[in-house]
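A quick write-up on the structure given underneath.
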Number of protein chains: 2
Amino acid sequence: MAEFKTLEIRQSVFQHNDREAALLRAELKEKKVFLLNLMSSPGSGKTTTLARTIGALKEQLRIGVMEADIDSDVDARTISALGVRAIQLHTGGMCHLDAGMTRQGLQGLGLDGLDLAILENVGNLVCPAEFDTGAVKNAAILSVPEGHDKPLKYPLMFQVCDVVLVNKIDVAPYFDFDLEKCREYVHLRNPRAKVIPICAKTGEGMDEWYTWLQGEVRAWQA
Amino acid sequence: MAEFKTLEIRQSVFQHNDREAALLRAELKEKKVFLLNLMSSPGSGKTTTLARTIGALKEQLRIGVMEADIDSDVDARTISALGVRAIQLHTGGMCHLDAGMTRQGLQGLGLDGLDLAILENVGNLVCPAEFDTGAVKNAAILSVPEGHDKPLKYPLMFQVCDVVLVNKIDVAPYFDFDLEKCREYVHLRNPRAKVIPICAKTGEGMDEWYTWLQGEVRAWQA
């Protein structure tokens with residue numbers, strides 16, 4: 001079985017998270033490592049999306065993954081088995097990661113030889129949106145069973161996101177989910193957000209996401 | 001259209017939430033009003049479950065509902081249209097409700113003539129579990145598309161819950177969801193928690209939930 005570390009991260013001591021985040025981003029720029037912050041509700045498919053993304057891109061990009069969870073090692077185990085560098089971050093009950101906590105995670109993961117570091121944030125549509133982690137881009141997953149009204153109810157998450165993956169479109173026939181309304185509500189919060197319908201389980205729609213992600217990583221490294 | 005108020009609730013000034021919660025519970029006991037705290041991830045079906053519960057029980061119990069949301073009035077509108085007393089609570093970005101905030105909500109709703117007050121908490125499996133709202137019982141909804149591993153990843157929520165409604169069982173054939181594992185994981189966190197599989201959309205399994213809820217309300221009022 002693949003190996004991974006588990007790191008108990010401590011609450012940050014920094015008062016000025018935005019400043020810490022900007023500092024971290026500058027260091028990542030210098031090291032040419034792109035950091036993606038992936039957020040969603042519990043069970044929207046973050047780990048499944050990551051697993052398929054790694055399978056598709058691991059020959060082109062050197063990828064490392066930080067799996068943040070309050071408890072459990074389930075996700076780091078899954079990711080580690082795919083043959084990429086992974087670390088499990090335990091937040092000890094904390095509902096989000098800030099820049100200081102992300103820095104602890106990156107130190108545990110190690111940035112050497114990476115093009116793309118991915119933070120799978122704690123499953124939560126509220127708190128993670130409030131803290132700049134130092135990531136270059138923020139992605140959110142909204143899954144079809146959650147309903148198309150979520151950008152109305154959790155405005156900040158959709159405001160801070162550069163891309164919204166609408167996952168589990170394979171089950172759309174069994175739910176009252178209106179993709180056009182979802183797109184409209186996302187754009188109400190953030191007109192520049194890219195909305196990509198996907199099914200992480202079957203791979204449907206994932207090519208557009210891979211293209212976006214690769215393009216962003218290459219632009220950051222240029 | 002039915003009328004409802006919207007209340008912007010303020011962050012509590014109380015340092016000792018547990019004490020405030022116990023105080024609120026004692027007042028509710030005196031007034032013979034049962035307060036249920038309903039929690040879940042975004043999109044698990046809290047409002048749909050509530051709507052059907054109200055339809056089934058509003059002749060037997062006098063019900064009032066507090067809809068907590070960061071923003072939007074969607075849910076209070078839905079509940080109010082069912083002909084029960086409803087109030088929309090805006091948390092102004094806060095990710096949970098504590099006892100002081102719940103008290104503000106109950107004051108806005110009004111307790112007179114109620115048997116059952118229901119707080120639909122902010123959609124979040126993390127933070128709401130950390131704060132005793134003063135409720136007599138806590139209920140959580142976990143929906144099938146979220147996966148049966150959630151009690152492993154969000155331990156506190158399942159630890160503090162008296163009942164777990166496993167919703168959207170109508171779509172179980174389309175997801176890798178193992179009800180027995182779910183039950184096992186819930187009981188790992190809380191051996192006394194009642195697990196009830198339901199479909200709030202079709203009504204399947206809801207009778208067991210109604211029986212539990214009515215029994216709890218009557219026991220509280222006795």
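The values are calculated or read from the model by the stated rules, or taken from the named source; none is laboratory data. Quick caveat: nothing in here was measured; it's all calculated off a predicted structure. Cβ atoms come from the backbone with ideal geometry, glycine included; neighbour counts cover every protein chain shown.
A few remarks follow.
- For segment A:8-48, a residue qualifies if it is within 28 Å of B:LEU125 (Cβ to Cβ), buried (at least 20 other Cβ atoms within 10 Å of the Cβ) and aliphatic (A, V, I, L, M), and the qualifying residues are A:ILE9, A:ALA21, A:LEU24, A:LEU35, A:LEU36, A:LEU38, A:MET39.
- From the options A:LEU142, A:LEU119, A:LEU111, residue that is within 14 Å of chain B (Cβ to nearest Cβ), at pLDDT 95 or above and closer than 28 Å to A:LEU61 by Cβ: A:LEU142
- Any helices (runs of 4 or more DSSP H) falling wholly within segment A:2-90 and containing at least 1 residues that are within 14 Å of another protein chain (Cβ to nearest Cβ): A:46-57, A:74-80
- Selection of segment B:5-24 for residues being of a type outside the set (Asp, Glu), over 27 Å from B:ASP75 (Cβ atoms) and modelled with pLDDT of 80 or more yields B:HIS16, B:ARG19, B:ALA22, B:LEU23.
- Summed over segment B:130-152, residues that are buried (at least 24 other Cβ atoms within 10 Å of the Cβ) and part of a helix (DSSP H, G or I) total 5.
- Taken as a whole, the condition of being out of contact with any Ser or Thr (no Cβ under 7 Å at 6 or more places or on another chain), under 17 Å from B:GLU3 (Cα atoms) and away from chain A (no Cβ under 14 Å) does not apply to B:ALA135.
- Qualifying positions in segment B:189-222 - surrounded by 14 or more Cβ atoms within 10 Å (Cβ to Cβ) and of a type in the set (A, V, I, L, M): B:ALA193, B:VAL195, B:ILE196, B:ILE198, B:ALA200, B:MET206, B:LEU213, B:VAL217
- Of A:TYR174, A:TYR210, all but one fail to be of a type in the set (Ser, Thr, Tyr) and within 11 Å of chain B (Cβ to nearest Cβ); the exception is A:TYR174.
- Across segment B:95-125, the number of residues qualifying as over 14 Å from the mean Cα position of the chain (by Cα) and either part of a loop (DSSP other than H, G, I, E, B) or at positive phi (or both) comes to 7.
- When restricted to residues that are in a helix (DSSP H, G or I), more than 21 Å from the chain's Cα centre (by Cα) and not small (Gly, Ala, Ser), segment B:153-190 contains 9.
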